[in-house]
Amino acid sequence: MSIDSLASYNSTISELNKQNTQATQLKDKLNNTNTSKASDEELMEVCKDFESYLIEQVFKSMKTSMVPESEDDSNEYMQYFGDTMYQEYAKNMSATGELGIAQMLYESMKRQ
């Protein structure tokens with residue numbers, strides 16, 4: 001196995017661990033929110049967090065489907081800052097309510 005393959009493998013494992021951690025944190029936050037006792041602000045915050053996470057995953061999937069691996073910059077700094085960029089895009093889209101996923105989820109949870 002070449003050094004490039006090891007670096008790519010380590011990068012992939014690191015990314016999967018990071019995504020797993022994010023998903024676990026979001027799952028814990030959702031599970032610990034009692035929708036019947038939560039304030040409207042708490043409920044909307046959880047919904048926006050979910051929407052932000054969903055948008056971030058969509059951006060990452062789009063990147064992997066559009067950019068061939070040979071053209072992908074495997075520089076660790078670019079990967080880190082690229083992930084940060086996707087997180088910020090997702091937070092901004094969720095905060096502005098452009099997609100409305102958080103609002104629909106919030107309304108659905110309030111009905112229950």
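Only the coordinates and a few stated rules stand behind these numbers; no lab work does. All of these numbers come straight from a predicted model, not from anything done at the bench. Neighbour counts run over all protein chains shown; Cβ positions are idealised from the backbone, glycine included.
For the reader, a short list of remarks on this structure follows.
- Sorted by Cβ density within 10 Å, fewest first, the residues 106, 89, 77: 77, 89, 106
- Footprinting exposure proxy ranking of 83, 40, fewest other C-beta atoms within 10 angstrom first, gives 40, 83.
- Proxy reagent accessibility, fewest Cβ within 10 Å first, across 59, 81: 81, 59
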